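Structure, as structure tokens:
The values are calculated or read from the model by the stated rules, or taken from the named source; none is laboratory data. What you see is a predicted model; the values in this text were computed from it and never measured. For neighbour counting, all protein chains shown are included, and Cβ atoms are generated from backbone atoms with ideal geometry for every residue, glycine included. Note: areas computed on protein heavy atoms with side chains; ligands, DNA, RNA excluded. Shrake-Rupley method; radii C 1.70, N 1.55, O 1.52, S 1.80 Å.
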Amino acid sequence: MPGTESNGREVTPRPTVTEEPDTSVQLTAAPDTDTGATGTSSTWTYDGRTPGPELRVREGDVLGVELANDLPTETTVHWHGVPVPNPVDGVPGVTQDPILPGETYEYTFRAEPAGTYFYHSHVGLQLDRGLLGPLIVEERNPHVEYDRDIVVVFDDYLAEEPRLPSERGTNGGMGGGMGGSGGMGGGMMGDVRPPYDGHLVNGRLPNDPATFEVTEGERIRFRFVNAASATVYGVRLAGHEMTVTHADGRPVEPVDVDSFVFGAGERYDAVVVADNSGSWSLRADALDGNESPARAVFRYDSADGTDAPTSPSSSSNQLTYGDLHALSPLDGVSGNPDRTFDLSLSRGGGPSYTWVIDGQAYPDADPLQIRPGEHVRIRLTNRSPVVHPMHLHGHFFAVGDAVKDTVLVPGHMGQATIDFRADNPGRWLFHCHNLYHLDAGMARVLRYV
Ligand code: C2O
Ligand code: CU
């Protein structure tokens, strides 16, 4: 399929990688068998843990992952943020048939560009059971100076099997005007966020926090991943400024902040200089829940003092998208777009529990059709009271001066505009990364025609 050339460049489908992988990994998805802090019969894991094993490769290397499905049901793996060739994107019914129980499936792709990513199941609510893990693609020539990195995966933890509110019945602990018969109505009240049993840093609850031991003077590059299913976090490291260097894996002009907020699917890298020795708490407050925060300990040298916990809301200097300026802007998205979609985000009407994009609930929703090479603009208006972290598969997009793959659209008529170049032919999901919204219809397929 030769591409059209509205931006003067040919676009061809990204070929499937056939060469031998530089790194081969075997992953097994299975119900949790151990009885650790977060182990319950409803926890599902990659290789026996959540988050699953850290996959780490160098930019440009070919990564081969063989997934063995030991779950009682079908699954897939999605490489969140990596603009892979379409056939390995891991979306059931869109890019592949689901992997049946007892089967294995091979994903092979070139790991590029460098960045902080994660992988997760793209079937139903499996991500909320624990099927997620970090994927780090290291630069060959990092432009950021650091001594080592620390990957920090935040997750919201459910002891029970996740269910849509419509399946949770009337005493499922749903707040915000969602009681009654279980019919959710079409109103704007409340959200579907489950009452989480806690928040995890690298799989650990706050009563047994992860401890990051560093050495005085070290420059630490934190790679923060929001792998939660329905939680927006405010993140703060007591006693230190953070220099944000990457947003969703893409390098930005360094910006110093005290805290940042990120939604499900977003990532930030931030460099911290260990120049204030002590024992400090790294915490992530659920901005849309009442649970106690996720917490880890950052400690070096004279580790006797403990700081007073501080909440991100007391922070004077919180990151905003306006602070983010990509070091290399996206190609092909300046000037007027070739195609614009104006899409509204809202709760569906009627008795069933749905979330919709422009009134339609996936999978019974029209694909958004685009042509190769086009500069595509999507304008989003949020006609609901809750935030939606919208994620685009297979492409990065420009939002203001930032380049990202997931954007938070604030509630109550909040807006966001994203621009991207249609440079990766195929069928790609565009959806809310709140898993409950996604599972209730808040997705569209972008289809190249
Ligand atoms: Cu994390 Cu459809 O994505
Ligand atoms: Cu949403």
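See the values below:
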quantity: When residues of the stretch 384-419 are limited to those that are touching a helix residue (DSSP H, G or I) at 6+ places or on another chain (Cβ under 7 Å) and assigned to a loop (DSSP other than H, G, I, E, B), the one farthest from ligand 1 (Cβ to nearest atom); calculated: Gly400
quantity: Asp149 vs. criteria in a strand (DSSP E or B) and crowded, with 24+ Cβ neighbours inside 10 Å; calculated: no
quantity: Qualifying residue in the stretch 369-378 (condition: in a loop (DSSP other than H, G, I, E, B), of a type in the set (Lys, Arg) and over 28 Å from Pro195 (Cα atoms)); calculated: yes
quantity: Residues that are touching a helix residue (DSSP H, G or I) at 6+ places or on another chain (Cβ under 9 Å) and surrounded by fewer than 22 Cβ atoms within 10 Å (Cβ to Cβ), drawn from the stretch 111-138; calculated: Gly124, Leu125
quantity: Subset tally (residues that are modelled with pLDDT of 85 or more and either in contact with a helix residue (DSSP H, G or I) (Cβ under 8 Å, 6 or more places away or on another chain) or farther than 30 Å from Phe420 by Cα (or both)) for the stretch 23-63; calculated: 22
quantity: Qualifying residue in the stretch 355-366 (condition: touching a helix residue (DSSP H, G or I) at 6+ places or on another chain (Cβ under 9 Å), open to solvent by 10 Å² or more (accessible area, probe 1.4 Å) and under 29 Å from Leu319 (Cα atoms)); calculated: no
quantity: In the stretch 410-443, the residues that are surrounded by fewer than 23 Cβ atoms within 10 Å (Cβ to Cβ), closer than 16 Å to Phe341 by Cβ and within 16 Å of ligand 2 (Cβ to nearest atom); calculated: Gln415, Ala416, Leu429
quantity: Residue match in the stretch 173-195 (condition: at pLDDT 70 or above, in contact with a Phe, Trp or Tyr (Cβ under 8 Å, 6 or more places away or on another chain) and over 18 Å from Ser352 (Cβ atoms)); calculated: yes
quantity: Which numbered condition Gly278 misses (of (1) buried (at least 24 other Cβ atoms within 10 Å of the Cβ); (2) of a type outside the set (S, T, N, Q); (3) modelled with pLDDT under 95); calculated: (1)
quantity: Some residue of the stretch 119-133 being over 25 Å from Arg58 (Cβ atoms), assigned to a strand (DSSP E or B) and touching a residue at least 40 places away in the same chain (Cβ under 8 Å); calculated: yes
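Matching residues to (1) in contact with a Ser or Thr (Cβ under 7 Å, 6 or more places away or on another chain); (2) outside any strand (DSSP E or B):
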position	(1), (2)
Gly60	no, yes
Pro83	no, yes
Gly90	yes, yes
Val137	no, no
